[in-house]
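Below is one structure, written out as structure tokens, with a few remarks after it.
The values are calculated or read from the model by the stated rules, or taken from the named source; none is laboratory data. The shown structure was predicted, so the numbers you read here are calculated from the model rather than taken from an experiment. Here the Cβ positions follow ideal geometry from the backbone for every residue, glycine too, while neighbour counts run over all protein chains shown. Heads up: the accessible areas ignore ligands, DNA and RNA and are worked out on the full protein's heavy atoms, side chains in. Shrake-Rupley method; radii C 1.70, N 1.55, O 1.52, S 1.80 Å.
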Amino acid sequence: MAAEMAEQQEQISLQNLSQAFPISVEPQSQDSDRPSNPNLPSFLSSVRLKYVKLGFHYLISNAIYLLLVPLLGISSAHILTLTAPDLTQLSDQLRFNLVTVVLFPAVVVFLVTPYFMTRPSKVYLVDFACYKPNPAQICTGEKFMEISELTTAFTEENLAFQRKIFEKSGLGQRTYLPEAVLQVPPNLCMAEARAEAEAVMFGAIDQLLPKTGVKAKDIGILIVNCSLFNPTPSLSSMIVNHYKLRGNVLSYNLGGMGCSAGLISIDLAKQLLQVHRNSYALVVSIESVTLNWYLGNDRLMLISNCLFRMGGAAILLSNRSSDRRRSKYQLIHTVRTHTGSDDKSYGCLFQREDKKKKIGLSVSMELVAVIKEAIKTNIKTLGPTVLPMSEQLWFFMTLVARKVFKMKIRPYIPDFKLAFKHFCIHVGSRPILDEMEKSLKLTKWHMEPSRMTLYQFGNTSSSSVWYELAYLEAKGRIRKGDRTWQIASGAGFKCNSAVWQALRTVDPAKENNPWMDNIHEFPVYVP
């Protein structure tokens, strides 16, 4: 099998690989009402359909109120007709049926108490922090290519390949790399990898704890996820030692779970908080670049050098009801799906050795297709729990029309914009974001946090969805009651979702996150 993979890699050309990162620029028509293709529906027709659909959505969503109003009106009219003798008679009946009056509330309390005792605890996101490296670690496109050339590890053809991939990646000129990678030659060793992990983890936690007012000794649950760097002692032990966490802290260290591990950590924290009452859970999501910087000439493994950058996030969760008033969000849903039983999905992101025994992360040409299928599986599970009844009815009617009446109509794609105000989609690469925008029918406004995060910070793996949420906060877009959908996919192959509801309006003037210094410059045009 290894021989077949090596033979396949040799056959991949620069042209074929570069097609994995296409740039499609569609010119804007001067006459927006006229479709470029006469077979397509007109713009005005689509607008009319949009408002019909919105009207249907509001009708179904408010059906309960439409039914209650007449009932309340009839009840109010009946109460107003009661006279003084009627009220006296009612009082006498209650007085002579004292046993019934006392027994009924007692039975209700007896039946309701088990529900309140056994219902899951609500999980709140008190606050979070994203790490911003030092300005000295900024890596422009020119610097990236200069370092690649000075290492003398790459052929001229592969240098040209990396330049083409970087130019089409969507990354800007201010992404960050570890100091070990920026050295010439790169100093890729265990000590430097530990230094990178410590800088990111401690930097994010040092920013988070003062924001929340929580002491390190108060943390009862610690979860750290890093896919490609798993030293001994573990990263979670490094945090326990540095912050002197208490002896009975529940610590977990997740490795090898890819870019979706951050949301897996959130789901694990939620489940632990359902069991351990009055607890704080600290989740730290990072990825190590130092030991995974590839210095070979296998093009499938060179793509990761062009996309992955330094970053991380720390998140504090609580199940204490007293923390609700000072928390930013409440966790509403988490959905985890796994497509690893399929060989193509399992092998599309694979850490392996090349012909010269150099380790790197191999990125399959089928990655975008695999991600699309994984996301589709996740959405099928998440949809019924978050979509309004109007969308579910619309989907059901379309399904009946296609299956029962054999009508030749397209399958209905639910409008997730009716369920969520904001979208934080993992910034795997530019083609992945393009596919998500197209599949979910999102607008440029909805995709802005993801595209700007890719531009400013690159692919920081599992922490990217937190840089996106920080972008929304810095822009002042988070309002009380807004729902935000975080979705990320990663090696294995997994796709995970988390749904958050804002408990208060976030004031950007009071925020301290990596975007605040230059948020006024965004959004920017990415050529």
Checklist entry - Within the bounds of segment 119-137, is there any residue that is open to solvent by 50 Å² or more (accessible area, probe 1.4 Å) and either of a type in the set (Ser, Thr, Tyr) or at pLDDT below 75 (or both)? => result yes
Next on the checklist: Criterion first (of a type outside the set (Val, Ile, Thr) and either touching a strand residue (DSSP E or B) at 6+ places or on another chain (Cβ under 6 Å) or crowded, with 22+ Cβ neighbours inside 10 Å (or both)) does Leu222 satisfy it?
Outcome noted: yes
Next on the checklist: Against the conditions (1) part of a loop (DSSP other than H, G, I, E, B); (2) more than 24 Å from Gly172 (Cβ to Cβ); (3) at pLDDT 95 or above, where does Gly476 fall short? Just the number, please.
Outcome noted: (2)
Item to check | Inter-residue pairs, beta-carbon under 7 Å, first more than 11 Å from Ser251 (Cα to Cα) and in a loop (DSSP other than H, G, I, E, B) and in segment 222-240, second open to solvent by 40 Å² or more (accessible area, probe 1.4 Å) and small (Gly, Ala, Ser), 6+ apart | outcome: Ser227/Gly256
Next on the checklist: Would you confirm, using the coordinates I've provided, whether Arg324 is open to solvent by 40 Å² or more (accessible area, probe 1.4 Å), in a helix (DSSP H, G or I) and more than 30 Å from Ile359 (Cα to Cα)?
Outcome noted: yes
Next on the checklist: Given the condition out of contact with any strand residue (DSSP E or B) (no Cβ under 9 Å at 6 or more places or on another chain) and closer than 30 Å to Leu300 by Cβ, answer yes or no: does some residue in segment 226-235 qualify?
Outcome noted: yes
Checklist outcome for this item: Log entry, pairs with first residue in segment 178-204 being closer than 15 Å to Asn134 by Cα, second being surrounded by 17 or more Cβ atoms within 10 Å (Cβ to Cβ) and of a type in the set (D, E, K, R), beta carbons closer than 6 Å, six or more apart or on different chains, reads Pro178/Glu196; Ala180/Glu192
Checklist entry - Considering segment 494-510 alone, what residues qualify as being modelled with pLDDT of 95 or more and either part of a loop (DSSP other than H, G, I, E, B) or surrounded by fewer than 20 Cβ atoms within 10 Å (Cβ to Cβ) (or both)? => result Gln501, Leu503, Arg504, Thr505, Val506, Asp507, Pro508
Next on the checklist: Residue under question is Ala470, and the condition is that it be open to solvent by 10 Å² or more (accessible area, probe 1.4 Å) and among the hydrophobic types (A, V, I, L, M, F, W, C); does it hold?
Outcome noted: no
Checklist entry - Does Ile371 fit the bill of being closer than 22 Å to His333 by Cα, β-branched (Val, Ile, Thr) and surrounded by fewer than 20 Cβ atoms within 10 Å (Cβ to Cβ)? => result no
Next on the checklist: Pairs please, first residue from segment 289-311 and over 19 Å from Ala193 (Cβ atoms), second anywhere and aromatic (Phe, Trp, Tyr) and open to solvent by less than 10 Å² (accessible area, probe 1.4 Å), Cβ atoms under 6 Å, 6+ apart in sequence or on different chains.
Outcome noted: Arg299/Phe161
Checklist outcome for this item: Picked from segment 404-437 (must be farther than 21 Å from Thr381 by Cβ and exposed (fewer than 13 other Cβ atoms within 10 Å of the Cβ)), the residue nearest to the chain's Cα centre (by Cα) is Arg410
